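In what follows, a single structure is set out as C-alpha cells and then discussed.
The values are calculated or read from the model by the stated rules, or taken from the named source; none is laboratory data. What you see is a predicted model; the values in this text were computed from it and never measured. Cβ coordinates were reconstructed from backbone atoms using ideal geometry, including for glycine residues, and neighbour counts include every protein chain displayed. Accessible surface areas use protein heavy atoms only, side chains included; no ligands, DNA or RNA. Shrake-Rupley method; radii C 1.70, N 1.55, O 1.52, S 1.80 Å.
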Amino acid sequence: MKLDDMRYIGEKEEKINSIKKMIYRYRQFNITDDKILNFLIQDYGNDFSQEELKQFLKKN
C-alpha cells in the first residue's frame, strides 16, 4: 500500500472518530438528531454524504 493511501485512510478514520465524539457530546446536551445532522453536514459534508452522516447518527 502506498504512503498516500495509508495517509488517506488514517485521515478518514480520524474524521470518523471525531464525528462519533461530536455525536456523543451533543447528545449529552439533549440536542436533537436533526440538529446534530445539520452540524455534521456543515462540518463534514465535503467528506461524507448526507446518508453516511445519518448512518453515523443511527450507529452512535
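Of all the accessible heavy-atom surface of the chain, with the other protein chains kept in place and a 1.4 Å probe, what percent is carbon and sulfur?
Using a 1.4 Å probe with all protein chains present, the chain comes out at 48 percent carbon and sulfur.
In whole Hz, what ³J(HN,Hα) sequence does the range 8-19 give by Karplus (6.51, -1.76, 1.60; θ = phi - 60°), x for Gly and Pro?
4, 5, x, 5, 5, 4, 4, 5, 4, 4, 5, 4
Per residue, how much accessible surface does the chain expose to a 1.4 Å probe? Answer in Å², no decimals.
Numbers: 4860 Å² over 60 residues.
I get 81 Å² per residue for the chain.
With equal scatterers on the alpha carbons only and no solvent term, can you work out the Debye log10 of I(q)/I(0) for the chain at 0.14, 0.19, 0.23, 0.24 1/Å?
Taking Cα atoms of the chain as identical point scatterers yields -0.40, -0.66, -0.89, -0.95.
Hey, which lysines would be in cross-link range of LYS35, C-alpha to C-alpha under 30 Å, not counting anything within fewer than 8 residues on its own chain?
LYS12, LYS15, LYS20, LYS21, LYS54, LYS58, LYS59
Multiply the residue gap between ARG25 and ASP5 by 0.36 nm, knock off their C-alpha separation, and tell me the result in nm, one decimal place.
Values: separation 20, 0.36 × 20 = 7.20 nm, distance 3.05 nm.
Roughly 4.2 nm would be gained on extension.
Nothing charged except the Cβ atoms of Lys and Arg (+1) and of Asp and Glu (-1): what's the magnitude of the dipole of the chain about its Cα centre? Round to the nearest 20 debye.
The dipole of the chain has a size of about 300 debye.
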